[in-house]
1. Hey, what number do you get for the chain at 222 nm if only DSSP H runs of n ≥ 4 count, each worth -39500 (n - 2.57), divided across all residues, to the nearest 500?
2. For the range 86-194, which chymotrypsin sites (Phe, Trp or Tyr not before Pro) pass both filters: DSSP loop (anything but H, G, I, E, B) and at most 14 other C-beta atoms within 10 Å?
3. By how many degrees, between 0 and 90 and to the nearest 10, does the Cα long axis of helix 55-65 differ from the longest principal axis of the chain?
4. About its Cα centre, how strong a charge dipole does the chain have in debye, to the nearest 20, once Lys and Arg get +1 and Asp and Glu get -1 at the Cβ?
5. Mind checking the log10 I(q)/I(0) for the range 88-164 at q = 0.23 Å⁻¹? Debye, one equal scatterer per Cα, no solvent, two decimals.
6. Find, among the GluC sites (Glu not before Pro) in the range 54-160, those assigned to loop by DSSP (not H, G, I, E, B) with at most 11 other beta-carbon atoms within 10 angstrom.
7. Per residue, how much accessible area does the chain have with a 1.4 Å probe, in Å²?
8. Roll a 1.4 angstrom probe over the protein heavy atoms and tell me the percent of accessible area of the chain that is carbon or sulfur.
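The values are calculated or read from the model by the stated rules, or taken from the named source; none is laboratory data. Predicted model, so just to flag it, every value in this text is computed and none were measured. Don't worry about glycine lacking a Cβ; one is built from the backbone with ideal geometry, like all the others, and counts go over all protein chains shown. The area values use the complete protein model at the heavy-atom level, side chains included, leaving out ligands, DNA and RNA. Shrake-Rupley method; radii C 1.70, N 1.55, O 1.52, S 1.80 Å.
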Amino acid sequence: MTTRDQMLANIRANQPSIRPIPTQFTFTSVFPDLTKQFMDVLTFVGGAAVIVPDYAAIKADLREKYPNLTNVATTCPELIDLADVTMDVRDPHELAGLNLAIIEGPLAVAENAAIWVDERQLPQRAVPMITQFLVIIIRQLTIVPNMHDAYKLLTVDETGFGTFICGPSKTADIEQSLVIGAHGARSLVVYILP
């Protein structure tokens, strides 16, 4: 018997007993203030969060942050006058020059500042990866404590596409040097409505 065979025989002989998979496996997270937790984590991962009273405040802030910016697209009817291109195209290559995308997120997570979006908010799923700047609008009441709570509220097979977005694109794969915008948007601003 080879050493390999002996090791495999020892492993087979010392297997733990099979245990049933828990039917209710979840974590509970308690944060004193879900909005503050969300904002703190988003800031930590390189994004920015702004609490605003209404869409008029969002519009004013966007005009200040991105003056004279062209190639702007949105799926938010309240902000359509800021857009000069549409995301509703057949070929995502038509959006190659997209500078700013403004979308809404129906669900946000406090523990990691992730925001769920699906094809109802993103008619072209490539948008968060090809736009230079990304803006997501959420409602304060849609912030849940953790991912377990988020998945309880999601029906992931309702649409053909869905993903969580957290912060701007970043990587430190090459020589451990942080690069922002390597695989997607260079910045993420989240507006939080009441």
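1. Rounded to the nearest 500, the figure is -6500 deg cm²/dmol.
2. Hits after loop and neighbour filter: Phe161.
3. 90
4. Rounded to the nearest 20 debye, it is 600 debye.
5. -1.07
6. Hits after loop and neighbour filter: Glu158.
7. It amounts to 60 Å² per residue over the chain.
8. Carbon and sulfur together cover 56 percent of it.
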